[in-house]
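What follows is a set of notes on a single structure, which appears directly below.
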Amino acid sequence: MTIRARSTLFSVLLLGLQLVALSARPAQAQAVTPQLKLSVHWEELTAADFREGIHRSQGTCLLPFGILEKHGPHLPLGTDLLDVRYAALHAAEREYAVVFPEYYFGQIAEARHEPGTIAYSRDLQLALLQETTDEMARNGCRKILIVNGHGGNESLLPYFAQSQLDKPHDYVVYVFDERTPPSGGPAKKTSIDMHAGESETSKMMIARPDTVHLDRAAGESGADQHRQNLPDDVYTGIWWYARFPFHYSGDGSAATAELGKFQMDWWIESVAKVIKAVKADDVSLKLQNEFYEKSKHPLDTQP
Ligand SMILES: [Zn+2]
């Protein structure tokens, strides 16, 4: 072998070594690459990214719960869905969690007389919610946080969560049902403010201002009609219709974007805090499992 041939061989070997080094580089680079930006939207993730999302969220998934119902004369039918998704998605961006797609299959029998209401039967509401959370859990969501956006679900959701004790589940259902800060922020102008009123209209001015028709808000009455004469602690299903037959409670024309921003920021911050607390909760699932085990042989349970 001539010196020239030897140096050529050396060059080829060197090139080969460089190529090996180059091909090894991506793997090394991957190890030091900062975390991949992952969507919080369940439906936007690829299958592989979904696996990473579940890992990153420590199995914490959000189920924002809306509804389709009349919202006074000035807000869209999907107000609760649009608002709750705005809050939940922004919260999950702050404290990573996987957010389930649009869900609006809740309790709204009291608005069946108004156009555009979708009111599923009682059995279907419970069955669909159970199968949805079961399917979420089968995909790794060990902690399912239902973020409620609709007042008419306030009995359904605690009942659903409590009924998870009827048989073993390998996941925990958490319910967060607050949408409006108890105090603070710009002074409110109205005292009745339960549905499509000052607060809800203000929040929609942040979530989806393009859907708010403020000029129509005074076109119907959202006053309390007081049509039932019963003590406050007696409940009937018709109470809402008795008080607010037009499915409007309050006065949306008092809404402002300033109040909306204060309330929406509070809502997002509150949901983010709850996600953090849920991630840190290592007690509930253990206690559920202990409970399920004991409930198989109640006579052995000792105080
Ligand atoms: Zn609403």
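Read-outs throughout are calculated quantities, based only on the coordinates presented, and are distinct from any laboratory measurement. This structure is a prediction, so every number in the text was calculated from the model and none was measured. We place every Cβ from the backbone using ideal geometry, glycine too, and count neighbours over all the protein chains shown.
Summed over the range 143-172, the residues that are part of a helix (DSSP H, G or I), within 19 Å of residue 60 (Cβ to Cβ) and within 16 Å of the ligand (Cβ to nearest atom) give a count of 1.
If only residues of the range 90-142 that are basic (Lys, Arg) and in a loop (DSSP other than H, G, I, E, B) are counted, the one that is farthest from the chain's Cα centre (by Cα) is 112.
Of the residues that make up the range 230-239, is at least one part of a helix (DSSP H, G or I) and closer than 25 Å to residue 152 by Cβ?
Filtering the range 230-239 for residues part of a helix (DSSP H, G or I) gives 239.
Within this subset, residues satisfying the condition of being closer than 25 Å to residue 152 by Cβ are 239.
Yes, the range 230-239 contains a residue that is part of a helix (DSSP H, G or I) and closer than 25 Å to residue 152 by Cβ.
Restricting the range 240-264 to residues that are aromatic (Phe, Trp, Tyr) and not in a helix (DSSP H, G or I), the residue that is surrounded by the fewest Cβ atoms within 10 Å (Cβ to Cβ) is 246.
Could you list all residues from the range 90-118 that are among the aliphatic types (A, V, I, L, M) and buried (at least 19 other Cβ atoms within 10 Å of the Cβ)?
So the first thing to find is which residues in the range 90-118 are among the aliphatic types (A, V, I, L, M), and the list is 91-92, 97-99, 108-109, 111, 118.
Residues satisfying the conditions are 91, 92, 97, 98, 99, 108, 111.
If you check residue 181 against the conditions, is it surrounded by 13 or more Cβ atoms within 10 Å (Cβ to Cβ) and out of contact with any strand residue (DSSP E or B) (no Cβ under 9 Å at 6 or more places or on another chain)? Considered against the rule, which asks whether it is surrounded by 13 or more Cβ atoms within 10 Å (Cβ to Cβ) and out of contact with any strand residue (DSSP E or B) (no Cβ under 9 Å at 6 or more places or on another chain), residue 181 comes out as yes.
Residue 80 fulfils the conditions (1) outside any strand (DSSP E or B); (2) more than 13 Å from the ligand (Cβ to nearest atom); (3) of a type outside the set (Lys, Arg) except for a single criterion, (2). When the range 204-223 is filtered for residues that are within 11 Å of residue 256 (Cβ to Cβ) and either touching a Lys or Arg at 6+ places or on another chain (Cβ under 8 Å) or surrounded by fewer than 15 Cβ atoms within 10 Å (Cβ to Cβ) (or both), only 206 remains. Once the range 176-227 is narrowed to residues that are within 13 Å of the ligand (Cβ to nearest atom), assigned to a helix (DSSP H, G or I) and hydrophobic (A, V, I, L, M, F, W, C), the residue that is nearest to residue 238 (Cα to Cα) is 204. When the residues of the range 161-185 are filtered to those that are under 16 Å from the mean Cα position of the chain (by Cα) and of a type in the set (Phe, Trp, Tyr), the one that is nearest to residue 272 (Cα to Cα) is 176.
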